[in-house]
Structures are given as structure tokens and as C-alpha cells.
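The values are calculated or read from the model by the stated rules, or taken from the named source; none is laboratory data. A quick note: this is a predicted structure, and the numbers were derived from the prediction, not measured. Counting neighbours? That spans all protein chains shown, and the Cβs are built from the backbone with ideal geometry, glycine included.
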Amino acid sequence: MDFALTAEQKQIKEMVSEFVDEEVKPRAAEIDETDEFPADLVAEMGELGLMGMPFPEEYGGAGLDYHSYAIGLEEISRGSGGLGTIVAAHTSLAGNMLYEFGNEDQKQTYLTPLNEGTDIGAFALSEPGAGSDVPAMETTAKKDGDEYVVDGGKLWISNGSVADTVVVFAKTDPDAGNKGISSFVVRPDEDDGFVVEGTEHKLGDKGCPTAELRFDDMRVPEDRLLGDEGDGFVQALKTLNGGRITIAARSIGIARAALDDAVKYAGEREQFDQPIGDFQAIKHKLADMDTKVQAATLLMHKAADLKMRDETFIKEAAQAKLYASEISREVANEGIQIHGGYGYTKDFAAERYYRDAKLNEIYEGTSEILRNTIGDWLQK
Ligand SMILES: Cc1cc2nc3c(=O)[nH]c(=O)nc-3n(C[C@H](O)[C@H](O)[C@H](O)COP(=O)(O)OP(=O)(O)OC[C@H]3O[C@@H](n4cnc5c(N)ncnc54)[C@H](O)[C@@H]3O)c2cc1C
């Protein structure tokens, strides 16, 4: 058992960490304030190979293993939670759907520009009445000649209003339950009937637009079907399993940022003629925060390691995401407490970490759904 990072993983961590400290951290408060998609940063990340980290170079990716990708995403999220979601939805969800289930032509045409960062990707599964309950979706795709006619809508779609490629799930056989769901590559600029209804005003995760989409008789060529009709539900679950490892990474990145700031503040702030970090109450908080971050990191690395070895990792990915997301919120909460009244203001980033961390417990499987998954796995 080796707990050390490989030379390549260390290199990625250092490279992304330097980029984040120099380019992302100084912009994070502005992204949070304006809630604007940071197109220039994303373009720069494309040039650095950060928009297609786990995919082969033949498709424009960086050719990294999933472990290195998770490490990279953790660093990005340490700088900005919104940027973490932008990259995760683009890569772990949209990119993965194309890589795992697309044919050669679809990979060359749609995955390559995603990996190069010239296109942005989104993954459109959730609907107003179908969040945790995916098969309740109402969007349909009816075959008409050599096209599918897609009608319906999606809610909560990260990158949805800025995406060039959206992987959309729809029912091709509405009577077949989860076996009637299929997935399609949709191109908002080419496919008439693709409408962005608007974007959400959220607690955190700023900079990543979360869009409501509508499809009005949207015609999609049949060669944009991913895999076979009826494959969509299983494709979505497989994709979300991998995605959960990277939401664990986003959680850990945010928690580390909260911890780093808290350690710094505890050393600087003086009350009763001594740094507050010298009070045992504060020291113990910092100790608990770091211990939780370390434990979450081990769970994430275990799940990533199993995925890399092509072993089953469903339970481990659920556990990594469940634990990391909950401790991320707890660590960010203690970060505010250590900052006292200042932590409750926008003068410090502590409150942003808290708002960004909360989301991890909701998307890509709520904590309740993940506990169901883990419990079901134990009772199999
Ligand atoms: C900012 C943001 C970004 C998102 N990005 C995307 C995206 O890019 N693509 C996408 O497709 N979706 C995205 N989502 C949607 C997200 O995945 C859903 O919000 C999530 O799956 C929960 O669905 P819901 O909101 O409908 O809640 P519901 O499913 O209605 O759940 C409400 C509550 O009931 C609980 N609950 C539901 N069913 C059960 C059960 N069986 N057992 C126990 N408890 C249960 C839930 O855990 C939760 O606490 C995003 C959401 C947000 C907020």
C-alpha cells in the first residue's frame, strides 16, 4: 500500500496549484460577486490541458489517469468552487458520456473540442419533476425519418447556457421506464428549438451558470444518439459514479481553502493579548478540520484508485462523495466560527466557502440517495 503521489501526480498538483494561486484565487471574489462565467480563465485552462484531463491525447485530452484528474479538480476548487463545477460538469459528465459511450466519429467531432477547451460541455439529466427520481423524466425523443424530435425541458443544468455541446437524456420509449431512456448530443447553435429559459440565482457556486432549458420540437440528427436506444439510464448512472469522485475532490478543495484561511487567521488575530490560535478551543477546531480533510482525501483516493484499476467502485465513490461533501460544509462552518464576526461578512472568503460547500451535498446524488446506495450495497 502506497500513500505517496506518483511523480506525475505530484507534477499535476504543483502545476495546477501554481495556476490557481496566480490566476484563480485573485479572481475568486470577483467571480463570486458578479456571477459571470469566467470565459477567459476557462480558455486559459483549455490551453493548459485542464479541460480534458482524463481523456487520451488522440482526442485532444491531457491523457492523465483519473486519480491525477481528481487531484487537479481539487486544486481548481481550492481556488473557486464555481470553477470546480464548470470543469466537473464539462469533463466528468459531458466529456465522460462522449468518451465512454460515443462512437469514433462522435468522439472526434464533439469530444476533441471539449478537451481542447474550445467547446464547453453540459449534462442535462434533471427535470423539474425528476431529480433523484431520474426515470420520472418527461422529456421525449420521437424518431422521425433520420432525425429525433425532442420535446420537454431540463432544470439545474451546470454550464447549460454557455455550452456548445449538451448531452441530453430523453425517453425514446415512454412506457419502458428506465429502459426507455436514451442520450443525445445536442448542439444549441445548430439545433432549432433549443431554448435557454434562464439561469438560477444561487446561494453559491457562482460563475457556473445553472440553466433551465426547453426543447420545442427540437430536431436532432439520428447520428447524435449515444450508444443504442434505451441505454441512457445505465450510461447516466455509470457517469455519475465517476463524477462523484470529482465532487469529493471539489469538496476537499473547498475544505482545504477554508482550513488554510482559518489557520492563517488564527495566527494573526489577537484577543486577550494572544493569538486566538493559542487558545485550545481554536487549536482543537483546526485539528478536527484537518483530520476530516485528511480522512476525506483517503476515501477519494481509494475510490479513484479502484476506478483506475477498472474495479467496481460504486460504494467507494458514494462514500467518498458523501463524507467529503459533509465534512466540507462542517469545515467551512468552523472556518466562519474561527473568523468570528468577520467570518460572517464578505471581507473574508470564509462565508463563500460555506456557500460553495453546501452544494456538494445536493448534486450528483444527494446525501440521502448516497446513503441509500451504500446501504443497498451492504445488503446485497
Ligand atoms: C447548482 C446545481 C447544479 C446542478 N447541476 C446539474 C447538472 O449539471 N445536470 C443535471 O442533470 N442536474 C444538475 N443538478 C440537479 C441535481 O442533481 C438535483 O438537484 C439532485 O439530484 C436532487 O434532485 P431534486 O433537486 O429534484 O431534489 P429531490 O429529488 O426532490 O429531493 C428532495 C429531498 O428529498 C430527498 N429524497 C428524494 N428521494 C429520496 C429517497 N428515495 N430516499 C431518501 N430521500 C430522498 C433528497 O435527498 C432531498 O433531500 C444540479 C443542481 C444544483 C442545485
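Exactly one condition in (1) within 21 Å of Met218 (Cα to Cα); (2) in a helix (DSSP H, G or I); (3) touching a Pro at 6+ places or on another chain (Cβ under 6 Å) is false for Leu98; which is it?
Unmet for Leu98, out of (1) within 21 Å of Met218 (Cα to Cα); (2) in a helix (DSSP H, G or I); (3) touching a Pro at 6+ places or on another chain (Cβ under 6 Å): (3).
Has segment 28-37 got any residue that is in a helix (DSSP H, G or I), at pLDDT 95 or above, closer than 23 Å to Asp119 by Cα and of a type in the set (A, V, I, L, M)?
Yes, segment 28-37 contains at least one residue that is in a helix (DSSP H, G or I), at pLDDT 95 or above, closer than 23 Å to Asp119 by Cα and of a type in the set (A, V, I, L, M).
Looking for something among the β-branched types (Val, Ile, Thr), surrounded by fewer than 24 Cβ atoms within 10 Å (Cβ to Cβ) and part of a helix (DSSP H, G or I) - is there at least one such residue anywhere in segment 101-110?
There is at least one residue in segment 101-110 that is among the β-branched types (Val, Ile, Thr), surrounded by fewer than 24 Cβ atoms within 10 Å (Cβ to Cβ) and part of a helix (DSSP H, G or I).
Regarding Lys346, is this residue within 16 Å of the ligand (Cβ to nearest atom), charged (D, E, K, R), under 30 Å from Ile282 (Cβ atoms) and in the same structural domain as Leu240 (by TED's automatic domain parsing)?
In short, no.
Just give me the residues in segment 323-350 being over 28 Å from Leu370 (Cα atoms), part of a helix (DSSP H, G or I) and in contact with a Lys or Arg (Cβ under 9 Å, 6 or more places away or on another chain), in sequence order.
Result: Gln337, Ile338, Gly340, Tyr342.
Can you give me the ranges of the strands (runs of 3 or more DSSP E) entirely in segment 127-201 with at least 2 residues that are among the β-branched types (Val, Ile, Thr) and within 12 Å of the ligand (Cβ to nearest atom)?
165-171
Evaluate the following for Asp175: is it surrounded by 19 or more Cβ atoms within 10 Å (Cβ to Cβ), modelled with pLDDT of 95 or more and of a type in the set (Asp, Glu)?
When the stated conditions are applied, Asp175 does not pass them.
Pick out the one residue from Ala317, Ala287 that is buried (at least 21 other Cβ atoms within 10 Å of the Cβ), within 21 Å of Phe3 (Cβ to Cβ) and of a type in the set (Gly, Ala, Ser).
Ala317 is the lone residue from the list that is buried (at least 21 other Cβ atoms within 10 Å of the Cβ), within 21 Å of Phe3 (Cβ to Cβ) and of a type in the set (Gly, Ala, Ser).
So that you can scan it fast, the table gives a plain yes or no per residue for (1) closer than 15 Å to Ser77 by Cα; (2) touching a Ser or Thr at 6+ places or on another chain (Cβ under 8 Å); (3) away from the ligand (no atom under 16 Å from the Cβ):
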| site | (1), (2), (3) |
| --- | --- |
| Arg329 | yes, no, no |
| Glu334 | no, no, yes |
| Lys358 | yes, no, no |
| Trp377 | no, no, no |
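One residue is enough: does segment 351-371 have a residue meeting the conditions closer than 18 Å to Ile71 by Cα, assigned to a helix (DSSP H, G or I) and in the same structural domain as Ala257 (by TED's automatic domain parsing)?
Yes, segment 351-371 contains a residue that is closer than 18 Å to Ile71 by Cα, assigned to a helix (DSSP H, G or I) and in the same structural domain as Ala257 (by TED's automatic domain parsing).
Output the number of residues of segment 202-246 satisfying the condition of being within 16 Å of the ligand (Cβ to nearest atom), part of a strand (DSSP E or B) and not polar (S, T, N, Q).
Result for segment 202-246: 6.
Enumerate the pairs (first residue in segment 115-143 and on the phi < 0 side of the Ramachandran plot and of a type in the set (Lys, Arg); second residue anywhere and at pLDDT 95 or above and more than 13 Å from the ligand (Cβ to nearest atom)) with beta-carbon separation below 7 Å, excluding pairs fewer than 6 apart on the same chain, so at least 6 apart or on different chains.
Lys142/Tyr148; Lys142/Val149
Conditions (1) modelled with pLDDT of 95 or more; (2) in a helix (DSSP H, G or I); (3) within 12 Å of the ligand (Cβ to nearest atom), marked per residue:
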| site | (1), (2), (3) |
| --- | --- |
| Met53 | yes, no, no |
| Ala70 | yes, yes, no |
| Leu73 | yes, yes, no |
| Ile76 | yes, yes, no |
| Thr85 | yes, yes, yes |
| His90 | yes, yes, yes |
| Leu93 | yes, yes, yes |
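Return yes when Leu226 is closer than 30 Å to Ile338 by Cα, in the same structural domain as Gly177 (by TED's automatic domain parsing) and not charged (D, E, K, R) and no when it is not.
no
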